[in-house]
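The values are calculated or read from the model by the stated rules, or taken from the named source; none is laboratory data. All values reported here derive from a predicted model rather than from experimental measurement. Heads up, the Cβs are rebuilt from the backbone with ideal geometry, glycines too, and the neighbour counts pull from every protein chain shown. SASA here: full protein model, heavy atoms, side chains in, ligands and nucleic acids out. Shrake-Rupley method; radii C 1.70, N 1.55, O 1.52, S 1.80 Å.
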Amino acid sequence: MKNESKARFNWIPFAAALGAGLALRLFFFFKFPSGSEDGTIYEMLGRNWFAHGTYAVDSAAGLVPSDIRVPGYPAFTAFFHLFGRGETAILLAQMALDLCTCVLAGILAGLLVPRTASDQIRRRVQIAAVWLAALCPFLADYAAVNLTEVLATFLTAIALVAFTAAIIGNEKLSWRLLVNGLYEVSPARAGKFSFLRNSWFAGGLAVGCGTMVRPETPLILITVGIILAARWRRPVDWRKLFRACALAAAGFVIPLTPWTARNAISLHEFQPLAARYAQSPDETVPDGYYAWANTWLERYRDIDAAIWRMGEDAVNLTNYPPSAFDNAEERDRVSALLNEYNQGSLSFPPAWNAQFAELARERTARKPWRTYVTVPFQRALTIWFTPRVEMTPFSGDLFPLREKFQADPVDFCVTILLGACAIIYVAIAAAGAMRIFAKHLLGAPQLWAVAMLIGLCVLRTAFITRVEAPEPRYVLECFPIVYALGAFLWMRTTARFTVSPLP
């Protein structure tokens with residue numbers, strides 16, 4: 001029986017998908033290679049860490065220990081620089097990791113398929129998820145950029161696979177479970193216990209490693225905790241709830257412990273993540289100004305003038321959209337404050353910052369719905385449905401339509417194509433999720449896992465909409481979920497699956 005199962009497995013569709021994915025990533029690598037300011041910071045931290053033994057930034061006074069970035073990605077880049085391979089090796093490694101994420105998306109989709117389904121149905125869903133991931137241009141684009149997105153998404157996908165396996169009843173990971181999607185419903189405590197094979201612990205460990213790459217990764221644990229608290233809310237299940245949370249927490253704290261200890265010893269502070277605004281100890285943060293920007297900033301194209309230039313360049317009132325001011329009096333107040341900033345060595349005095357904080361309070365008191373609902377909702381639309389051309393030479397601007405097309409038809413068409421891709425991928429995922437619920441395709445355990453995946457997308461989106469610079473790349477970590485849910489559009493079945501709740 002085992003040999004027959006192996007004989008039925010067809011690697012050709014998976015190999016074809018990964019081959020197409022590799023071709024797409026090589027296209028971005030050769031056609032649109034790009035660097036970034038953040039990438040330069042990561043590489044500087046990694047270089048100093050491995051060359052001088054100090055996790056520090058360069059300054060006129062020499063090396064200065066810092067916590068402006070968590071050390072995961074700097075360590076990743078430094079590994080290749082240590083052996084003299086340089087940035088090319090880093091980007092090639094990111095391509096390999098991104099292709100592994102495609103495989104993990106297929107594994108995630110396969111775990112959601114009911115165990116009563118046939119191998120053919122399960123394999124079809126897995127193949128669809130891998131193809132969706134391989135052909136997605138967004139992560140493929142970031143594989144050619146020295147930024148954290150590919151590594152963070154890879155670790156996120158590992159965590160999602162582990163937690164999904166645990167939620168559907170497979171607390172003991174195995175290759176048979178992951179590769180073939182075959183269920184081995186047994187708690188980890190059955191037989192010899194292994195931390196690394198325990199799904200809860202492995203998921204927490206992946207989240208901890210991901211936190212050392214992107215500090216908002218613990219949102220996964222928060223989502224899982226909410227789902228488990230709802231599922232095991234009865235006293236009879238509290239023991240299972242405590243056990244799962246304890247194992248996940250144990251895995252989570254392991255990667256954070258060395259970083260937290262280093263910050264306590266070197267910087268004399270308790271900092272298990274990174275500085276809130278990625279600021280140096282002697283750097284002033286215009287949090288009042290950021291609070292004011294959060295009452296109106298909706299579009300990605302406004303971030304450069306409104307956020308990134310502050311502290312670096314002079315700013316002009318004409319760079320702000322009309323929605324930044326409710327009336328002429330408010331516009332005059334902002335104009336005076338910006339003039340003070342431009343004439344004051346581009347600094348943020350406390351009184352100046354306090355006046356912007358007051359403006360934020362006034363605007364919120366005047367229209368609280370705008371600050372807490374309308375602006376975040378518009379930001380969510382922007383970060384999910386943008387063309388994501390920020391790492392390419394294309395502008396991403398479409399309006400006015402006629403003028404933009406006549407000025408640069410290639411730029412216009414690429415923007416339309418990538419914008420359509422963003423809409424199509426989200427629409428496919430939404431349609432897949434609706435099909436799951438409308439056709440009753442999944443049993444109770446899988447539905448809890450789907451609730452966890454959708455909940456993470458919602459929670460991460462809500463979190464990103466409240467940061468000072470909501471970049472579209474910050475939701476790319478949710479795309480393995482997009483691929484896995486979207487794959488259920490290709491799940492052909494004429495019967496409804498029923499799965500009994502698992503203990």
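For segment 238-307, just say rounded, prolate or oblate: build the C-alpha gyration tensor, square-root its eigenvalues into a ≥ b ≥ c, call rounded for a/c under 1.5, and beyond that prolate if a/b exceeds b/c, oblate if not. Please report the intermediate quantities before stating the final value.
Numbers: a/c = 3.58, a/b = 1.61, b/c = 2.22.
In terms of gyration-tensor shape, oblate.
Taking the inverse of the average 1/r across all pairs of different Cα atoms in segment 345-395, what Kirkwood radius in Å do you get?
Working: mean 1/r = 0.0723 Å⁻¹.
Taking every pair of different Cα atoms in segment 345-395, averaging 1/r and inverting gives 13.8 Å.
Local charge sum around Ile68 (other residues, Cβ-Cβ under 12 Å, Lys/Arg +1, Asp/Glu -1)?
Details: positive: Arg69, Arg276; negative: Asp38, Asp67, Asp282, Glu283.
So the surrounding residues net to -2.
Can you give me the C-alpha center-to-center distance between segment 23-54 and segment 413-443, rounded to a whole angstrom?
One Cα centre to the other: 32 Å.
Kindly identify the chain as rounded, prolate or oblate by the Cα gyration tensor criterion: order the square roots of the eigenvalues as a ≥ b ≥ c, call it rounded if a/c is under 1.5, otherwise compare a/b with b/c, prolate if a/b is larger, else oblate.
Details: a/c = 1.64, a/b = 1.49, b/c = 1.10.
It comes out prolate by the Cα gyration axes.
What does segment 411-468 give for Rg and for Dmax, in Å, if only its C-alpha atoms count?
15.3, 47
May I ask for the Rg/Rh ratio of segment 377-459, computed from Cα atoms with Rh as the Kirkwood radius, given to two decimals? Spell out each step's value before the answer.
Values: Rg = 17.4 Å, Rh = 15.1 Å.
When Rh is taken as the Kirkwood radius, the ratio is 1.15.
I need the calculated FRET efficiency for the pair Glu283 and Thr54, taking r as the beta carbon distance and R₀ as 22 Å, to the nearest 0.05.
Numbers: r = 19 Å, r/R0 = 0.87.
Plugging the Cβ-Cβ distance into 1/(1 + (r/R0)^6) gives 0.70.
Can you tell me the order of 267-273, 44-50, 302-308, 210-216 when each peptide is scored by its average per-residue count of other Cβ atoms within 10 angstrom, highest first?
So the peptides 267-273, 44-50, 302-308, 210-216, ranked by packing, come out 210-216, 44-50, 302-308, 267-273.
Could you give the alpha-carbon Rg of segment 1-124 over 2.2 N^0.38 Å, rounded to two decimals?
On the way: Rg = 20.9 Å, N = 124, 2.2 N^0.38 = 13.7 Å.
With N residues counted in segment 1-124, Rg over 2.2 N^0.38 Å equals 1.52.
Could you let me know the centre-to-centre spacing of segment 120-136 and segment 337-395, using Cα atoms, in angstrom?
40
Based on the alpha-carbon gyration tensor of segment 102-162, what equivalent-ellipsoid semi-axes (square roots of 5 times the eigenvalues) come out, in whole Å, largest first? List each step's numbers first, then the result.
On the way: eigenvalues 133, 34, 5 Å².
Equivalent-ellipsoid dimensions as semi-axes: 26, 13, 5 Å.
Post the alpha-carbon centroid distance, segment 195-237 to segment 55-110, in whole angstrom.
24
Relative contact order, percent, of segment 228-320 when contacts are C-alpha pairs under 8 Å separated by at least 6 residues?
Details: 32 pairs, mean separation 11.1, N = 93.
With pairs under 8 Å counted, the relative contact order is 12 percent.
Which peptide among 391-404, 132-145 comes first, and what is the full order, when sorted by highest mean count of other Cβ atoms within 10 Å? If you can, show how the numbers build up before the last one.
On the way: 391-404: 13.9, 132-145: 25.0.
Highest mean packing first, the order is 132-145, 391-404.
Counting helices only, and only those DSSP H runs with n ≥ 4, report the 222 nm mean residue ellipticity of the chain as the sum of -39,500 (n - 2.57) divided by its residues, in deg cm²/dmol to the nearest 500. Let's see the in-between values first.
Working: 20 runs with 296 residues, N = 503.
Helix contribution divided over all residues of the chain: -19000 deg cm²/dmol.
Quick one: compute the contact order of segment 207-366, relative version, from alpha carbon pairs under 8 angstrom and 6+ residues apart, as a percent. Walk me through the numbers on the way to the answer.
On the way: 115 pairs, mean separation 34.1, N = 160.
Value for segment 207-366: 21 percent.
Return one whole number: the accessible area per residue of segment 381-486 in Å², for a 1.4 Å probe.
Value returned for segment 381-486: 40 Å² of accessible area per residue.
Work out the P(r) tail for segment 189-311: percent of alpha carbon pairs separated by more than 19 Å, whole number.
Values: 4809 of 7503 pairs.
Considering segment 189-311, 64 percent of its Cα-Cα pairs are separated by more than 19 Å.
With each pseudo-label sitting 7 Å past Cα toward Cβ, what's the Arg243-Arg331 distance in nm, one decimal?
Result for the modelled spin labels: 6.5 nm.
Angle check, please: helix 444-464 long axis (alpha carbons) against the longest principal axis of the chain (alpha carbons), in degrees 0 to 90, nearest 10.
Helix 444-464 sits roughly 10 degrees off the main axis of the chain.
Can you tell me the relative contact order of the chain? Whole percent, Cα pairs under 8 Å, sequence separation 6 or more.
On the way: 715 pairs, mean separation 95.0, N = 503.
Answer for the chain is 19 percent.
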